[in-house]
Structure formats: C-alpha cells, structure tokens
Amino acid sequence: MKIAILSRKSSLYSTAKLKEAGEKRGHEMLVIDYLRCFMNIASHRPTIMFAGRELVDIEAVIPRIGASHTFYGTAVVRQFEMMGVYSSNESQAITRSRDKLRCLQILSRDGVGLPVSGIAHSIKDIEGLIDSVGGAPLVVKVVEGTQGTGVILAETRKAAEAVIEAFRGLDANILVQEFIKEAAGSDIRCIVIGGKVVASMMRTSSGGDFRSNLHRGGIAKKVKITPEEKATALRAAKSMGLQIAGVDILRSNHGPVVMEVNSSPGLEGIEMSTGIDVSEKIIEFLEKKARPNQNKDRIKG
C-alpha cells in the first residue's frame with residue numbers, strides 16, 4: 001500500500017518509527033507536512049497538493065495532528081476522506097477528542113468512569129463551581145492545554161478561587177476536577193488499536209509534581225491492567241469514535257476514571273517501557289482495514 005503519515009517532522013520518534021514499520025512490511029511510506037498541503041474544494045474531484053504536486057494513489061493516511069493545529073490538520077484529513085482514502089482515525093473523531101469539554105460530556109453520556117468535573121463561564125459562579133466537585137483540593141485545567149501544561153493543583157479553596165479568577169481574567173476556558181489523591185501521582189496510559197488494548201504503561205510523576213506526563217519528567221513502566229480498566233479504555237475509545245487512541249486512566253477509590261483520550265498518542269514511551277512494537281501493530285491494523293474508496297459513502301460532513 002501507499003501510506004501517508006500526516007506529521008510536521010519526519011524526525012519525530014513516532015513518525016520515524018511508523019515509517020520504518022511500514023517499509024519493513026513492504027509498503028510505500030510518505031511523510032506529509034499537513035500544514036504545507038493546500039486543497040481544492042471542487043465538486044466531484046477534491047484534490048490535495050503538496051510540494052507542488054497532486055497527491056494521488058494514496059490508500060491510507062495516519063494522522064499525527066498536533067493539538068495546536070487541530071483545525072487545519074483535521075481539514076486535511078477530511079479532504080483525504082472525501083477522496084476515498086482510509087484514515088486510521090477519522091477527522092470528526094479527532095476533533096471530538098481534542099475538545100476536552102466535549103470529550104468529557106460524551107464519556108459521561110456513555111457511562112464511562114470520570115473524575116467529578118465542572119465548568120462555568122462567569123467568575124460570579126466560582127463558589128458553586130468549587131462546591132460542585134467537592135471542594136478543595138481540586139485540579140484546574142485549561143481546556144486547550146496539552147502534555148500537562150495549563151494544569152494546576154489548588155490545595156485550598158482560596159488558591160482555587162485565585163487560579164480560576166486568573167485564568168478567566170485571561171479569557172481562558174477552564175475545567176475543574178476532583179483531585180484523585182489515591183492515584184498518588186500515577187496514571188495508566190492504554191493504547192487501543194481497532195478495539196483492542198495492545199499495550200499499557202504506568203506513568204509516575206517525579207519531583208513531587210502530581211502530573212505524570214513523560215514530557216514533564218514522569219517515569220514509565222509496563223503495567224498489567226485489570227479487566228475493569230481494560231473495559232474502560234475500550235469504551236472511552238469507542239465513545240470518541242477512535243480506532244487508534246491513548247486512553248489515560250487514574251485508579252480511584254470508586255474504580256478507574258478517564259482523564260483524557262488522545263487521538264495521536266506518542267509511541268516512544270509506550271514502546272520503550274513495554275517492549276511492544278505499537279508502530280507495527282498500527283500498520284497491521286491498516287492492512288486489515290484500508291480499502292480503496294471505502295470512505296466516500298460514509299463521509300457526509
């Protein structure tokens with residue numbers, strides 16, 4: 001197959017590893033900077049141009065869309081879908097998962113375990129918002145934040161009020177969530193591919209930080225998940241409509257709760273900590289699923 005990886009840089013670990021895995025299995029692999037693509041939105045013949053030439057004969061794409069470029073990146077994915085090219089994750093599912101509030105609302109609707117969460121627009125409602133999640137300590141999150149940025153633990157009510165007022169003063173949309181103390185600075189990242197959990201790792205914070213993101217110095221190790229955690233990860237990915245997802249789970253006193261569902265999970269940490277070749281499993285999934293022109297009838301906007 002001719003497979004395009006939609007990524008800003010070919011040197012990124014996940015991009016390079018996917019390219020290598022595809023080539024090992026005999027596929028023609030292209031790395032396409034989606035921000036350098038431009039599209040012709042013509043009736044009956046949508047096209048995509050890159051580096052001065054039209055992209056043709058591509059049978060599948062693997063979107064690796066950065067959070068700060070979701071709007072344009074998903075537009076490129078959607079254009080490929082209109083051309084009948086199979087995408088490992090559909091544009092709509094990527095957009096759905098990137099909106100943290102929408103993601104939580106959908107997971108809540110589907111009965112997936114979540115930390116108690118709240119959102120308000122006016123600073124006049126701060127007291128009620130804090131009470132809605134059980135009071136301090138609580139976690140304040142900027143809706144648009146990624147990789148642990150814009151996430152603050154407010155240990156007292158006064159601190160929570162100050163942080164929320166500051167963020168709202170900057171017109172930032174924020175969520176507040178109950179603090180899962182019993183998780184002890186650890187979370188579990190499950191990689192879901194095609195309705196199966198193929199790998200899982202536990203990430204633990206370092207230096208007293210409650211955030212366990214590897215980008216913030218967290219430590220990862222292979223972990224055996226429980227049947228309930230596995231079921232939670234699968235339900236979360238299904239709710240988002242994602243075929244490939246990283247589902248972040250905390251172990252709480254009332255069972256596993258989902259913190260985030262990532263449509264472009266990094267592969268380095270999970271592969272290094274588990275020894276599982278997740279990249280190859282993604283290529284194997286595409287081999288089973290990609291069919292020429294199969295998207296044309298189902299992509300309606």
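The values are calculated or read from the model by the stated rules, or taken from the named source; none is laboratory data. Note that this is a predicted model, so its numbers are computed, not measured. Here the Cβ positions follow ideal geometry from the backbone for every residue, glycine too, while neighbour counts run over all protein chains shown. We work out accessible area using only protein heavy atoms, side chains counted, and drop any ligands, DNA or RNA first. Shrake-Rupley method; radii C 1.70, N 1.55, O 1.52, S 1.80 Å.
Using alpha-carbon positions, what is the distance between the centroids of region 232-259 and region 1-23, in Å?
First find each Cα centre; the distance between them is then 26 Å.
Relative contact order of the chain, please, whole-number percent, based on alpha carbon pairs below 8 angstrom and at least 6 residues apart.
About 19 percent, as a whole number.
Explain nothing, just the number: dipole magnitude of the chain about its Cα centre with +1 on each Lys and Arg Cβ and -1 on each Asp and Glu Cβ, in debye rounded to the nearest 20.
Rounded to the nearest 20 debye, it is 580 debye.
In 10 Å bins starting at zero, report the fraction of Cα pairs in region 2-96 per bin as a rounded %.
16, 53, 28, 3
Less than 17 Å apart at the alpha-carbon level, and either on another chain or at least 8 residues along: which aspartates and glutamates does that give for LYS2?
GLU20, GLU23, GLU28, ASP33, GLU54, ASP57, GLU59, GLU81, GLU280, GLU284, GLU287
Can you flag which of LYS9/LYS288; LYS9/LYS289; LYS24/LYS222; LYS17/LYS281; LYS181/LYS238; LYS100/LYS221 are past 20 Å Cα-Cα?
Cα-Cα > 20 Å for LYS9/LYS288; LYS9/LYS289; LYS24/LYS222; LYS181/LYS238; LYS100/LYS221; rest within.
Among 235-243, 116-124, how do they line up by average Cβ neighbours within 10 Å per residue, starting with the highest?
The peptides rank, most packed first, as 235-243, 116-124.
Kindly report the accessible area of the chain per residue (heavy atoms of protein chains, probe 1.4 Å, no ligands, DNA or RNA), in Å².
48
Using θ = phi - 60° and the Karplus relation 6.51 cos²θ - 1.76 cosθ + 1.60, list the HN-Hα couplings for region 239-246 in order, rounded to whole Hz, with x at every Gly or Pro.
4, 7, x, 9, 7, 10, 8, x
Quick one: net charge of TYR34's neighbours, Cβ under 13 Å, K/R +1, D/E -1?
Combined, the nearby Lys, Arg, Asp and Glu give +4.
Evaluate 2.2 N^0.38 Å with N set to the residue count of region 78-154, then give the Cα radius of gyration divided by it.
1.43
As a test of the formula, what do you get for the chain when each DSSP H run with n ≥ 4 contributes -39,500 (n - 2.57) and the sum is divided by the residue count, at 222 nm and rounded to the nearest 500 deg cm²/dmol?
-9500 deg cm²/dmol
Could you pull the Rg and Dmax for region 182-287, using just the Cα atoms, both in Å?
13.0, 44
Lys and Arg at +1, Asp and Glu at -1: add these up for the other residues within a Cβ distance under 12 Å of ILE126 and post the number.
Net charge in that neighbourhood comes out at -1.
Pop out the carbon and sulfur fraction of the accessible area of the chain as a percent, whole number, probe 1.4 Å.
After summing per-atom areas, the C and S share lands at 50 percent.
Rounded to the nearest 0.05, what FRET efficiency do ALA162 and ARG109 give with R0 = 41 Å and r taken as the Cβ-Cβ distance? Could you check?
E between ALA162 and ARG109, to the nearest 0.05, is 0.80.
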